[in-house]
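Participant: Before anything else, here's the structure in question.
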Amino acid sequence: MSDKNNKIPFNEDNYTHNIERNNERKLDRRGFMKTLVGAAGVFAVSSLPWGAVAAKELMGLGEKEYPHKKITEVSKLPIGDAVEFKFPGDHDDAILIRLSENKYVAYQNACTHLRCPVFWVKEQGEMICPCHHGKFDVETGSPTAGPPRRPLPEIQVKVENGAIFAVRVKRYEA
C-alpha cells in the first residue's frame, strides 16, 4: 500500500479550498451582461409563437361568431320591456331590450366600471348600474353618467321565424 491515496492532490485543506480560486474563470461585469442579454434573447425568441397565437386570438374576438342562441319569442317581449339571458357562455349575463316594433338592442349587462349588474329602467328609458350610479345610453350602450368610461359590449341579435337570436358579441374598440 502506498501513501499516494492518502494525500490531498493540491496544496489546500477543506477550509481554504473555496478562498483561493486562481484557476477558475471569473465572471466580470461584461461577462455577466453578455449572459443576461443572451438569456433574455432566448426567452424572447421562445415566447414569440405564444405571443403570435395570443395576438391572433385577441384580434379575432370582434369577429368571433358563437352558436346562435335563442333568447325569446318576439310575441313574448312587449315594446319597452327587457329580458335577461346568458350569452355567449352560461356565466355571461346579458340583457335584451325591445325599443320599438322592429328594433332590439342587447348588451352584456356587467358594468364596465366594476362589473356590477346593469338594469333596464323602463320608466326612465335608461340602463342603470346601482353600485356607483352609472348610466348607459340604451341606443348605443355608451356611458352617460357615473364612473364608467367604456360602453357596454353590444350583442348583435337577429330576428328569424318569430324568435330573437343572439349571434355575436361586438367588442369595445378604443
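Participant: Listed highest first by mean packing, meaning other Cβ atoms within 10 Å per residue, what order do 85-92, 139-146 come in?
Facilitator: Working: 85-92: 13.4, 139-146: 15.8.
For the peptides 85-92, 139-146, the packing ranking is 139-146, 85-92.
Participant: I've got another one for you. Carbon and sulfur atoms: what percent of the 1.4 Å accessible area of the stretch 127-174 do they account for?
Facilitator: So the carbon and sulfur contribution to the accessible surface is 47 percent.
Participant: If we sort 32-38, 126-132, 78-84 on the protection proxy, mean other Cβ atoms within 10 Å, highest first, what's the order?
Facilitator: Result, highest mean first: 126-132, 78-84, 32-38.
Participant: Taking a threshold of 22 Å on the Cα-Cα distance, which of the pairs Lys86/Lys170; Lys69/Lys170; Lys69/Lys135; Lys76/Lys135; Lys135/Lys170 fall above it?
Facilitator: With Cα atoms farther than 22 Å apart: Lys69/Lys135; Lys76/Lys135.
Participant: Show me the ranking of peptides 114-121, 65-72 by mean Cβ neighbours inside 10 Å, starting with the highest.
Facilitator: 114-121, 65-72
The values are calculated or read from the model by the stated rules, or taken from the named source; none is laboratory data. Fair warning: this is a prediction, and the values are worked out from it, not measured in the lab. Counting neighbours? That spans all protein chains shown, and the Cβs are built from the backbone with ideal geometry, glycine included. When the accessible area is computed, the model is the full protein with side chains, heavy atoms only, and any ligands, DNA or RNA have been set aside. Shrake-Rupley method; radii C 1.70, N 1.55, O 1.52, S 1.80 Å.
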